[in-house]
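The values are calculated or read from the model by the stated rules, or taken from the named source; none is laboratory data. Every value quoted in this text rests on a predicted model; they were computed, and no experiment measured them. Note that we place each Cβ from the backbone using ideal geometry, even for glycine, and neighbour counts take in every protein chain shown. Remember, those area values only see protein heavy atoms, side chains included, never the ligands or the DNA or RNA. Shrake-Rupley method; radii C 1.70, N 1.55, O 1.52, S 1.80 Å.
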Amino acid sequence: MTQLPKYLTGDSTALNEFLDKFDVFLLDCDGVLWSGDHLFEGIVETLEFLRSKGKRIVFVTNNSTKSRPDYQKKLTALGIPSDVEEIFASAYSSAIYISRILKLSAPKNKVFVIGESGIESELRTEGVPFIGGTDPALRRDITPEDFNGLADGSLLDPDVGIVLAGLDFHINYLKLAMGFQYIRRGAKFLATNLDSTLPMNHTFFPGAGSISVPLVNMTGQTPLAFGKPSQAMMDAIEGKFKLDRARTCMVGDRLNTDIQFGIEGGLGGTLAVLTGVSKKEHWEAEDAVAVPAYYVDKLSDLRGATS
């Protein structure tokens, strides 16, 4: 039987032992620091506490709708001091992979984006050509002329070699049809992340995974994803921050992304918080996808350790 996690809330001795084990904390954002635009109580003080103990903080998020500078603006607006280099998001991870690892030869290296401006911004920073995304010309109903153009290829850009799907608040039939046609013509199918839900406003909404599922059903292909639990993302984080995995802890609210990410990445520990998606009954189930090493009710409980 898998060993259940150690409950740390209210136990100052256990909290101190826990903190002494780690130099770096990879923090998920949605469901851990905030829900939508609501910052959880005590977060600013908790991050200050961790930094005061010499801990390095890296904000690791699967949400691809914002670029790293956009995330820094949100952190600043919520009163959280940060540096843009401390932020690692799935849109950035995707852009890094496409530009520095995939390295498709021009001209067949253009990306068709299904997603928001965060993806576009990171691709632009890496010098990756793209179409789609927030283009207002695609935010409309499909027409008979579109069907004809997609069928004969005249509506498609011959230089597209990649379809990158992320969370898209303006998804429609036209975008899905274009993505499908590109993939069936040989474009590589990538996804920023496959989260089924997005924590917002104290509840849950469809996540990026809900955008790529129709393309999976149509093509029979599973996209290569760059958000947690993808180890491509872990390798990129390790390379960027030169961290010691044994002295690093992943903190998150979702078992099949955050906790699985830390376990498969061989990190020294994983910490679950109960302010987001997963609850105790999820990791206590026999078929639990992952079990954290530790858990607290909320991130601010870490300040229960004695200084």
Which value, in Å², gives the accessible area per residue of the stretch 103-184 when a 1.4 Å probe is used on the protein heavy atoms? 46
Give me the percent relative contact order of the chain, please, defined on Cα pairs under 8 angstrom at least 6 residues apart. 23
Given the chain, what percent of its DSSP beta bridges are antiparallel, to the nearest 5? 15
Roughly how tilted is helix 173-184, in degrees to the nearest 10 and between 0 and 90, from the longest Cα axis of the chain? 80
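With the cut-off at 1.5 for a/c, could you classify the stretch 158-284 from its C-alpha gyration tensor as rounded, prolate or oblate?
Oblate is the answer for the stretch 158-284, as a/c is 1.5 or above yet b/c matches or exceeds a/b.
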Rounded to the nearest 10 degrees, what's the angle between the helix 231-241 long axis and the longest principal axis of the chain, both from Cα atoms, 0 to 90? 60
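Can you tally the net charge around residue 19? Count Lys and Arg as +1, Asp and Glu as -1, for every other residue whose Cβ sits under 11 Å from the Cβ of residue 19. Don't skip to the answer; put the middle values down first.
On the way: positive: 21, 53, 55, 303; negative: 17, 20, 23.
Taking every Cβ under 11 Å from that of residue 19, the sum is +1.
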Please get the size of the charge dipole for the chain, origin at its Cα centre, with Cβ charges of +1 on Lys and Arg and -1 on Asp and Glu, quoted in debye to the nearest 20. 660
Tally up the carbon and sulfur contribution to the accessible surface of the chain as a whole percent, 1.4 Å probe, everything protein left in place. 51
If one compares the long axis through the Cα atoms of helix 209-219 with the longest principal axis of the Cα atoms of the chain, the angle in degrees, nearest 10, works out at 40
Hits among lysines - C-alpha to C-alpha of residue 53 under 26 Å, sequence gap 8 or more where chains match: 6, 21, 73, 74, 240, 242, 298
Note to self: with every protein chain in place and a 1.4 Å probe, the stretch 213-307 gives an accessible area per residue in Å² of 41
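Per residue, how much accessible area does the stretch 1-93 show when a 1.4 Å probe rolls over the protein heavy atoms, in square angstrom?
41
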